[in-house]
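Notes for the one structure printed next.
Just so it is clear, none of the values below were taken in a lab; they were calculated from the coordinates. Nothing here was measured: the structure is a model prediction, and the numbers come from that model. Every residue, glycine as well, gets a Cβ built from its backbone with ideal geometry; the counts of neighbours run over all protein chains shown.
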There are 2 protein chains.
Amino acid sequence: MPVPDQEKFFSQIITHILRRIDLTQEEQQLFLSLLSIRRLLPKQYLLQEGDVCKYENFVCEGFLRSFYVDDQGNDHTLHFAMEDWWITDLTSFVMQTPASRNIVALEPSVLIQIEKKNLDLLLTQVPAFEKFWRLINERAVMAQDQRILDNLALSGAERYEALLKKYPSIEQRLPQKHIASWLGISPVFLSQIRGKNAKKGK
Amino acid sequence: MPVPDQEKFFSQIITHILRRIDLTQEEQQLFLSLLSIRRLLPKQYLLQEGDVCKYENFVCEGFLRSFYVDDQGNDHTLHFAMEDWWITDLTSFVMQTPASRNIVALEPSVLIQIEKKNLDLLLTQVPAFEKFWRLINERAVMAQDQRILDNLALSGAERYEALLKKYPSIEQRLPQKHIASWLGISPVFLSQIRGKNAKKGK
DNA sequence: CGCGACGTTGATTTGCCTCAACGATTGTGG
DNA sequence: CCACAATCGTTGAGGCAAATCAACGTCGCG
């Protein structure tokens, strides 16, 4: 029995990919044949610490969070992912080693997954995908570089401001504690920042 | 007049590349024809904030540092680069926009440079290089991801310890203030950490 | 209705910074 | 070759940003 809406999600990822590289019909078909669709409910785990990450995941719908839990049980948010974003534990995926982090759905989500061995196959069969992943990685490097810079150069309040500027609607979609965790500050402190900003009529 | 030691540096970068991808003799020759060699003295700038970054730079010899200077004049170290590493301002290079940061030599250095338009040409002429840069970017993503995680989850002292574990000889090559700047702590505080570690017989 | 998750607010503590003074080292010009 | 300046690391004192702890109100949900 076919996955409901499979066509819709496949066409979504094809659109996403054709924005960056050109593919023939045959190449597109090969690509699609290597994918699978995965649905997650809120609080459902896509990856757990210790497991080997088998997939690169493209988010068709929903919202995911990857985070690390330290010895004292505090969790630290590494990444978020929403529609048209990719998410994985890259180190675990590339090296096929146990993951150091968890990935969990925050909303009902639909993902398209490609398995490691299928991705390897795809890259040899259709070299255009090398370019695609070069570009994806390139963007990731630039974004992470900026995040590192912000962590080094800005205060908690400034980082929050920068985040809001880049993703104005983030607050509608995420509990504050996860935003705080991504920023690297405590939820209590984020609340204080918001309190001050509110007074200043921002 | 030929650059002294050019052959040596070219063979160094070819070795570096053949570790990751296969190339024919012709492809290697094309690649080499797109490169240029650059020498820097200590304190000499490779890139200055505001300039557009024209090159990807491969370090044959020496040591470089990229850093951002904030409004208050504090500098923040983004990256180091030593032998067989690449360094650039990726955002400036990819988008051809003014750089937000500086890159400076800390030691006498020899770089191999490839210009943006030559790299673009190379990528279309020799698709194997797409794979090469995908792999380079992949490594960068993994390394930066770990750095972000360390910044979120570890104290200054712990980050220092992690750095020493990964690069035990880093202290021989870098002044402490640059290490502190990379770690995101003040030089004074790093000195205190070292003082405590020394007492504990570490 | 009652419980648990979340955000807020206030009090206290702490990790790290800034400022300042001081040796040690390096480099530079006389 | 030496004097001087400049740079660097160390050490101590005081201060601030942000964490922790705790109590409380709100909301959504079983």
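Cβ under 15 Å from B:L18's Cβ, B:L18 left aside: what net charge do those residues give with Lys, Arg +1 and Asp, Glu -1?
The answer is -1.
I need the GluC sites (Glu not before Pro) found in region A:39-117, filtered to DSSP loop residues with at most 15 other beta carbons within 10 Å of theirs.
In loop regions of region A:39-117 (DSSP not H, G, I, E or B), the sparsely surrounded GluC sites (Glu not before Pro) are A:E83.
Once the other residues with Cβ under 15 Å from the Cβ of B:Q96 are scored (Lys, Arg +1; Asp, Glu -1), what is the net sum?
Taking every Cβ under 15 Å from that of B:Q96, the sum is -3.
Quick one: grab Rg to one decimal and Dmax as a whole number for chain A, Cα atoms only, in Å.
Expressed in Å, the Cα Rg and Dmax of chain A come to 18.5, 59.
Once label points are set 7 Å from the Cα along Cα→Cβ at both B:T124 and A:T24, what is their separation, rounded to one decimal in nm?
2.1
Pick out the long, greasy-scoring helices in chain B: whole DSSP H runs spanning 30 Å or more along their own axis by Cα, mean Kyte-Doolittle at least -0.5.
B:128-153
Tell me, in nm to one decimal, what length is gained between B:K116 and B:L32 on full extension, where the rule is 0.36 nm per residue of separation less the Cα-Cα distance?
Length gained between B:K116 and B:L32: 28.8 nm.
Per DSSP H run of at least 4 residues, take -39500 (n - 2.57); add these up for the protein assembly as shown, divide by its residues and hand me the 222 nm value, nearest 500 deg cm²/dmol.
-15000 deg cm²/dmol
Calculate, axis by axis, the spread of Cα positions in the protein assembly as shown along the three principal axes, and write the results as whole Å, longest axis first.
Dimensions of the protein assembly as shown along the principal axes of its Cα atoms: 70, 56, 46 Å.
Tell me, what is the FRET efficiency for B:S191 and B:R39 to the nearest 0.05, using R0 = 30 angstrom and their Cβ-Cβ distance as r?
Approximately 0.35, to the nearest 0.05.
Find the relative contact order for region A:1-87 and round it to a whole percent, using C-alpha pairs within less than 8 Å whose residues are 6+ positions apart.
After rounding, I find 24 percent.
With the cut-off at 19 Å, tell me which of the pairs B:K43/B:K177; A:K43/A:K116; A:K131/B:K116 have Cα atoms farther apart than that.
Beyond 19 Å: A:K43/A:K116.
Could you grab the relative contact order for chain B? Cα pairs under 8 Å, six or more apart, rounded to a whole percent.
23
Hey, which lysines would be in cross-link range of B:K165, C-alpha to C-alpha under 16 Å, not counting anything within fewer than 8 residues on its own chain?
B:K202
What's the percent breakdown of Cα-Cα distances in region A:12-110 across 10 Å bins, shortest bin first?
The distribution over region A:12-110 is 15, 42, 31, 10, 2, 0, given as percents.
Taking the Cβ of A:R134 as the center, what net charge do the other residues with Cβ under 11 Å away carry, scoring Lys and Arg +1 and Asp and Glu -1?
That sum, taken over residues with Cβ under 11 Å, equals +1.
Computed FRET efficiency, Cβ-Cβ of A:K199 and A:N74, R0 25 Å: what is it to the nearest 0.05?
Here the calculated transfer efficiency is 0.30.
Any aspartates and glutamates with Cα under 15 Å of the B:K196 Cα? List them, leaving off those in the same chain fewer than 8 positions away.
Within the straight-line cut-off, B:K196 pairs with B:E158, B:E161.
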